[in-house]
Amino acid sequence: MRALLRIYEEVTAALNARELAAAAAAHAPRPAAGGKLAVLGLGKVAAELWDGVRGAVGHADALLVVPSDAPAPAGARVMRGTHPLPGAESLEAGEALLSAARSLRPADAALLLISGGGSALAEAPQPGLSLADVREVNQALLTSGAPIEEMNCVRSHLSRLKGGGLARALHAAGVTRARALVAVDVPIGGVAAVSSGPAIADRTTCADALAIARKYRLPEAATRVVETLKPGDPADFIPHEALCDLRSPAQEAARRAPLRVIDSPVRGAVEAFAERLAREGGFVCASGELEVRVPAGAPPGGRDQHLALLVARSLRGTNGAFLAAGTDGRDGPTESAGAMVDGRTWDEASTRGLDPAKALAEFDTARVLGALGLLIPARHTGAHAGDLFLLRRD
């Protein structure tokens, strides 16, 4: 298992947003004579993205919205939102981003640094929606098993920031020089889907959002939708550049070990992917973002820990090992990045009375894996490109 952990650590280091942004810094927009450059950063690795570009862009007014455990780099105003549910700090940060965009002049330029996690870290609800409403909808989405694209559809239609809201604010200020650098952490939708697309057009409609609300029986607040920025609108003017995506972790892992990459980016239900892995042999890797339906009343857990215990069942009695962990160093609302298991894990859990089958049924895998010392401690890695999966089955 230590060999798998070493590969994971090397992959997260290679995908650190600081280095990725530095390589793209030459593409930053330049202000007109008499103008200034404004940098607006949003997401789990916005601080690292700013660190990567600041040497190349020179002086800029930078506003970054990051999680509580992210660094606070020099030369920027740093605001901290909450994750995975928006809090009061998130609303303050969302309004600050919109205000900063509206304050610019036509001669100014805007560089947007966007990564995953921004859907919760910054929010500006539509009029009539309270923080309690927004939290209730987001909580229902997180436990529904809905894929990220459906979550983003609902969230965008309830927000003045998401679904192109930030682009609208920049366009209204007369800004024409802008570019977005994006660390992509979603399986489909690309740059437009990250942090619910604050600076780019949204192809979904209010009707789509309402259908999703009905499908998952979301709270009534989810039906108070308004239309988002659409392709062809003059406010949809900001080029977006992807710095990495969900294929990147598997690709980086394959550069460091004799691994076979399978179907990356992977998506769909955790259980379906576990069944796929049960049929795999040799040394394989994948990366992506899976979906999990959380039963009512379940303790805080993560999809990577849940997947790891599912795979442990199929590894029983073998010399195999498996790792599942987030490249951002977090697995859901837990204090773990993910977990590692091997061919002894399931039987050891049973022998110690931890009842792994019951833990899977109740989404209580952190209890079992924690008792066995198989959790990977959470950390702020500076990377954010989905989850990495490493399987060795001899």
Flag for Ser99 being in contact with a Leu (Cβ under 8 Å, 6 or more places away or on another chain), free of Cβ contacts under 8 Å to residues at least 40 places away in the same chain and polar (S, T, N, Q): no
If you scan the stretch 39-80, which residues turn out to be over 19 Å from the mean Cα position of the chain (by Cα), of a type in the set (Gly, Ala, Ser) and crowded, with 24+ Cβ neighbours inside 10 Å? Gly52, Ala62
Do we find a residue being over 24 Å from Ala366 (Cβ atoms) and part of a loop (DSSP other than H, G, I, E, B) anywhere in the stretch 281-298? yes
Look at Ala274 and say whether it is touching a residue at least 24 places away in the same chain (Cβ under 8 Å), in contact with a Phe, Trp or Tyr (Cβ under 7 Å, 6 or more places away or on another chain) and in a helix (DSSP H, G or I). no
Return the residue satisfying two criteria in turn: it lies in the stretch 119-139 and is in contact with a Lys or Arg (Cβ under 8 Å, 6 or more places away or on another chain) and small (Gly, Ala, Ser), and of such residues it is farthest from Ala38 (Cα to Cα). Gly128
Sole exception among (1) at pLDDT below 95; (2) in contact with a Ser or Thr (Cβ under 8 Å, 6 or more places away or on another chain); (3) of a type in the set (Gly, Ala, Ser) for Ala193, by number: (2)
Which listed residue, of Asp331, Asp347, Asp304, is in contact (Cβ under 8 Å) with a residue 12 or more places away in the chain, over 15 Å from Met1 (Cβ atoms) and open to solvent by less than 20 Å² (accessible area, probe 1.4 Å): Asp331
Does Arg224 satisfy the criteria of being free of Cβ contacts under 8 Å to residues at least 24 places away in the same chain and among the basic types (Lys, Arg)? no
Could we say that Val175 is in contact with a Leu (Cβ under 9 Å, 6 or more places away or on another chain), within 30 Å of Asp263 (Cα to Cα), in contact (Cβ under 8 Å) with a residue 12 or more places away in the chain and open to solvent by less than 10 Å² (accessible area, probe 1.4 Å) here? no
Going by the structure shown, is Ala221 modelled with pLDDT under 95, surrounded by 19 or more Cβ atoms within 10 Å (Cβ to Cβ) and part of a helix (DSSP H, G or I)? no
In the stretch 224-244, the residues that are open to solvent by less than 40 Å² (accessible area, probe 1.4 Å), of a type in the set (A, V, I, L, M) and either at pLDDT below 95 or under 30 Å from Ala383 (Cβ atoms) (or both): Leu229, Ile238, Leu243
Which one of these is in contact with a strand residue (DSSP E or B) (Cβ under 9 Å, 6 or more places away or on another chain), among the small types (Gly, Ala, Ser) and not in a helix (DSSP H, G or I): Ala366, Ala337, Ala312? Ala337
Take Ala207 and decide whether it is without any contact (Cβ under 8 Å) to a residue 40 or more places away in the chain, in a helix (DSSP H, G or I), at negative phi and surrounded by fewer than 20 Cβ atoms within 10 Å (Cβ to Cβ). yes
For Leu309, are the conditions met, namely being closer than 15 Å to Asp263 by Cβ and open to solvent by less than 10 Å² (accessible area, probe 1.4 Å)? no
Return the pairs, sorted by first residue and then second, in which the second residue is open to solvent by 10 Å² or more (accessible area, probe 1.4 Å) and part of a strand (DSSP E or B), the first residue lies in the stretch 58-82 and is closer than 16 Å to Ala383 by Cα and free of Cβ contacts under 8 Å to residues at least 24 places away in the same chain, the beta carbons are less than 8 Å apart, and the residues are 6+ apart or on different chains. Ser68/Arg80
Look through Phe273, Phe322 and report the one residue that is touching a Gly at 6+ places or on another chain (Cβ under 9 Å), aromatic (Phe, Trp, Tyr) and surrounded by 23 or more Cβ atoms within 10 Å (Cβ to Cβ). Phe273
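The values are calculated or read from the model by the stated rules, or taken from the named source; none is laboratory data. Source: prediction; values computed, not measured. All Cβ positions, even for glycine, are placed from backbone atoms using ideal geometry, and neighbour counts span all protein chains on display. Areas reflect the complete protein model, heavy atoms only, side chains present, ligands, DNA and RNA absent. Shrake-Rupley method; radii C 1.70, N 1.55, O 1.52, S 1.80 Å.
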